[in-house]
Amino acid sequence: WAQDCQVANIPVMQNFNKSRYAGQWYAVGKKDPDGLFLLDNIVANFNVDEDGITTATARGRVYIFKYWEVCADMRATFEDTSDPAKFKMKYWGVSALLQTGYDDHWVIDTDYDNYAVHYSCRKVHEVNGTCADSYSFIFSRHESGLRLEDQQIVSAKKHDICLAGKYRRVTHTPGQC
Ligand code: ODT
């Protein structure tokens with residue numbers, strides 16, 4: 001079926017409810033950006049406070065200086081935008097050696113209880129509006145991965161955001177991070 005790969009037209013979650021998105025998510029799939037950062041054992045925790053302020057923490061195994069492998073402890077604050085499923089995410093590492101940045105954080109689809117498809121475009125091609133540097137996480141509430149019934153939905157969403165076939169599996173090894 002037809003896709004519209006212009007970033008401005010990428011369909012995001014309708015009537016997104018960030019309170020229901022809160023809590024722990026295991027990354028089970030990832031499409032890497034240029035200059036990959038988080039490798040595996042990636043677990044994110046979203047928190048929405050009484051005032052609706054969203055923050056998150058994330059842990060995961062990373063390489064710094066290409067070969068030095070550490071477990072990263074990351075923090076982020078989320079800014080709301082006019083679309084409830086689109087956020088701006090300011091992030092930094094608890095250790096100064098880790099990445100800092102300011103990225104889009106779009107929720108493409110979620111059922112809140114099992115799966116979520118995240119998308120971020122860091123750089124848009126000026127010529128045609130498609131994404132020149134994106135990353136995307138497939139999140140599961142379950143460390144074991146996606147349920148069979150969610151895999152089909154997630155595959156369709158990967159196609160919608162023009163990233164079908166570009167993901168790798170994110171493994172979780174107990175005790176690694
Ligand atoms: O891993 C990469 O290659 C790019 C990812 C950089 C962002 C990592 C910063 C995470 C900050 C803490 C946030 C938690 C929530 C995360 C959900 C998805 C990650 C963007």
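The values are calculated or read from the model by the stated rules, or taken from the named source; none is laboratory data. It should be emphasised that the depicted structure is a prediction, and the values quoted were computed from it without experimental measurement. Cβ atoms come from the backbone with ideal geometry, glycine included; neighbour counts cover every protein chain shown. Note: accessible area is taken over every heavy atom of the protein model, side chains too, but ligands, DNA and RNA are not part of it. Shrake-Rupley method; radii C 1.70, N 1.55, O 1.52, S 1.80 Å.
Structural remarks
- Residue ranges 22-33, 149-160 sort as 22-33, 149-160 when ordered by packing (mean number of other C-beta atoms within 10 Å per residue, highest first).
- Å² of accessible area per residue within the range 1-88, as computed with a 1.4 Å probe and no ligands counted: 54
- In the chain, the convex hull through the Cα atoms has an average projected area of 10.8 nm², a quarter of its surface area.
- Peptides 137-147, 113-123, ordered by how many other C-beta atoms sit within 10 Å of their residues on average, highest first, read 113-123, 137-147.
- Of the cross-linked pairs Lys66/Lys157; Lys88/Lys123; Lys90/Lys158, those separated by over 21 Å at the C-alpha level are Lys66/Lys157; Lys90/Lys158.
- Percent accessible area from carbon and sulfur atoms, the range 1-147, protein chains only, probe 1.4 Å: 50
- Peptides ranked, highest mean first, by Cβ atoms within 10 Å: ranges 7-15, 63-71: 7-15, 63-71
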